[in-house]
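Every number in this text was worked out from the coordinates using simple rules, so none of it is lab data. On a predicted model such as this, the values are computed, not experimentally measured, just so you know. Glycine also receives a Cβ, built like all others from the backbone with ideal geometry; neighbour counts cover every protein chain displayed.
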Amino acid sequence: MSKPLIQSTGRRKRAIARVSLREGTGVVTVNGRDIVDYLPSELLRMTATEPLRVLEVQDKYDVAVTMGGGGIAGQAGALRMGIARALVELDPDARPALKKGGFLTRDDRKKESKKYGLKKARKAPQYSKR
């Protein structure tokens with residue numbers, strides 16, 4: 001395997017994607033598997049590779065990803081951010097287009113933590129007056 005052109009990290013919810021971009025033909029592999037095998041939904045695959053399509057470089061780079069944590073939706077979002085960050089490092093002129101698409105903004109929404117005295121984050125035990 002050739003040396004990566006650029007490496008970057010993307011995060012969403014509990015998912016972390018470490019992305020390596022190389023010159024190539026547009027192959028995307030996640031944890032050693034093809035993206036079609038890893039992300040079963042076409043919508044999630046489109047979400048994850050959207051920055052490549054916006055800049056029209058989907059056939060120019062090979063993407064190798066090491067993914068961990070979270071569910072498949074969070075992982076797709078993390079992959080999208082990692083790819084966008086890597087593309088900006090390669091070509092700073094691409095930043096406005098990716099920023100306009102919202103690919104460089106970290107979505108910081110996470111699961112709210114459970115509070116003591118409650119059943120879940122906000123659900124309280126049933127109140128009984130008598």
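Things worth noting here:
- The chain: angle of helix 72-90 to the longest principal axis, Cα-based, in degrees nearest 10: 40 degrees
- Listed cross-link partners Lys13/Lys123; Lys100/Lys120; Lys3/Lys100 are compared with a 27 Å cut-off, the Cα-Cα value being larger for Lys100/Lys120; Lys3/Lys100.
- Of Gln75, Ser113, Met46, farthest towards positive along the dipole that unit charges on Lys, Arg, Asp, Glu beta carbons give the chain: Ser113
- Residues of type aspartates and glutamates that Lys99 reaches as a straight line, Cα spacing below 18 Å, ignoring anything fewer than 8 places off in the same chain: Glu50, Glu56, Glu89, Asp91, Asp107, Asp108
- Note on Glu42/Asp93: beta-carbon distance plugged into 1/(1 + (r/R0)^6) with R0 of 41 Å gives a FRET efficiency of 0.85.
- Shape category assigned to the range 56-130 from the gyration tensor of Cα positions, a/c cut at 1.5: prolate
- Length available on full extension from Gln7 to Ala121: 0.36 nm per residue minus the Cα-Cα distance, which gives 37.4 nm.
- Three-way shape label, the range 1-42, alpha-carbon gyration tensor, a/c 1.5: oblate
- Length released on extending from Arg33 to Val57, taking residue separation times 0.36 nm less the Cα-Cα span: 6.5 nm
- 3J(HN,Hα) from dihedral phi, the range 120-130, Karplus parametrisation 6.51/-1.76/1.60, rounded to Hz, x for glycine, proline: 9, 4, 10, 6, 9, x, 4, 7, 10, 6, 10
- Overall, the range 11-130 carries a charge dipole of about 1680 debye about its Cα centre when +1 sits on the Cβ of Lys and Arg and -1 on the Cβ of Asp and Glu, all other atoms neutral.
- Here each label is just a point 7 Å from Cα along the line to Cβ, and for Glu23 and Thr66 those points are 2.5 nm apart.
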